[in-house]
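Contents: one structure, followed by commentary.
The values are calculated or read from the model by the stated rules, or taken from the named source; none is laboratory data. Everything quoted here is computed from the prediction, not taken from an experiment. Cβ: placed from backbone, ideal geometry, glycine included. Neighbour counts: every protein chain shown. For accessibility, only protein heavy atoms count, side chains too; no ligands or nucleic acids. Shrake-Rupley method; radii C 1.70, N 1.55, O 1.52, S 1.80 Å.
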Amino acid sequence: AQSVTQLGSHVSVSEGALVLLRCNYSSSVPPYLFWYVQYPNQGLQLLLKYTTGATLVKGINGFEAEFKKSETSFHLTKPSAHMSDAAEYFCAVSDIVSRNTGFQKLVFGTGTRLLVSP
Amino acid sequence: GAGVSQTPSNKVTEKGKYVELRCDPISGHTALYWYRQSLGQGPEFLIYFQGTGAADDSGLPNDRFFAVRPEGSVSTLKIQRTERGDSAVYLCASSLKGGTAGELFFGEGSRLTVL
């Protein structure tokens, strides 16, 4: 069965500092990997995804993540944190993606709340 | 609006009561998902619709939970004989048919509290 582990329920950084949110996954087949962000009082929003091809994936708002198969990891990074990055971040994995319908059954981690201080 | 709309945003009910939660997906999105997010947890898959039919309902926890999408647009999640353990935020998402791992667009959720 698939699973996702996000280390650290809370991560605190100063504005301008590097952001690193950790995600490790377990999957019996090559996975599709996702990072979603949830800002206060808003729905989950896709940040970036890895399906196939280049292992370094760039997303919105300056975030990127690297798929490392040998480490079963998909950590999220951003070189310089901004106050507006404060939100909850969810890593997710799916090994079921229908090419006909686009159906994907996501398994989410428990989330990491990013706190950014001035 | 242009996004996924869920109503009510908050629902408080008593144990044993019946509850309906509504989801209005983005116009033209044929795929619709329901997820449940309990406190301190990530969202958990409940059910997936492609058009009017439930293509995968493997995440529904028991037969007290049921969902419909009669016209292939709006969906209703129905919970019978609610229990305190049903308290959670119920999330709806929609996406376009086709493609590979297309983006899911989530609503803000319906927070259900069972007293």
task: Check whether at least one residue in the range A:21-29 is away from chain B (no Cβ under 14 Å) and touching a Pro at 6+ places or on another chain (Cβ under 7 Å), and report yes or no.
output: no
query: Taking A:Leu115, is it modelled with pLDDT under 95 and not hydroxyl-bearing (Ser, Thr, Tyr)?
result: no
query: within 10 Å of chain A (Cβ to nearest Cβ), touching a residue at least 40 places away in the same chain (Cβ under 8 Å) and touching a His at 6+ places or on another chain (Cβ under 8 Å): does that describe B:Leu104?
result: no
query: What are the residues in the range B:66-97 that are more than 11 Å from every other protein chain (Cβ to nearest Cβ), surrounded by 19 or more Cβ atoms within 10 Å (Cβ to Cβ) and not hydroxyl-bearing (Ser, Thr, Tyr), if any?
result: B:Ala67, B:Arg69, B:Leu77, B:Ile79, B:Asp86, B:Ala88
- request: Restricting attention to the range A:3-33, report how many residues are within 14 Å of A:Gly109 (Cβ to Cβ), open to solvent by 40 Å² or more (accessible area, probe 1.4 Å), outside any strand (DSSP E or B) and not basic (Lys, Arg).
  value: 2
statement: Given (1) closer than 27 Å to B:Ser38 by Cβ; (2) crowded, with 18+ Cβ neighbours inside 10 Å, A:Phe67 misses just (1)
- prompt: Of all residues in the range A:34-67, which are assigned to a loop (DSSP other than H, G, I, E, B) and under 15 Å from A:Arg22 (Cβ atoms)?
  reply: A:Phe63
query: Could you list, in sequence order, the residues of the range B:1-27 that are in contact (Cβ under 8 Å) with a residue 12 or more places away in the chain, within 14 Å of chain A (Cβ to nearest Cβ) and either open to solvent by 60 Å² or more (accessible area, probe 1.4 Å) or assigned to a strand (DSSP E or B) (or both)?
result: B:Ala2, B:Ser5, B:Gln6, B:Thr7, B:Ser9, B:Asn10, B:Cys23, B:Asp24
- prompt: Can you find even one residue in the range B:48-56 that is within 14 Å of chain A (Cβ to nearest Cβ), of a type in the set (A, V, I, L, M) and surrounded by fewer than 21 Cβ atoms within 10 Å (Cβ to Cβ)?
  reply: yes
statement: Given the conditions (1) within 11 Å of another protein chain (Cβ to nearest Cβ); (2) without any contact (Cβ under 8 Å) to a residue 12 or more places away in the chain, every one holds for A:Glu66 apart from (1)
statement: Picking from A:Ser94, A:Ser9, A:Ser70, the residue that is over 25 Å from A:Ser117 (Cα atoms), within 15 Å of the chain's Cα centre (by Cα) and among the hydroxyl-bearing types (Ser, Thr, Tyr) would be A:Ser94
field: Residue list for the range A:34-62, restricted to those being over 18 Å from A:Gly111 (Cβ atoms), among the aliphatic types (A, V, I, L, M) and surrounded by 13 or more Cβ atoms within 10 Å (Cβ to Cβ)
entry: A:Val57
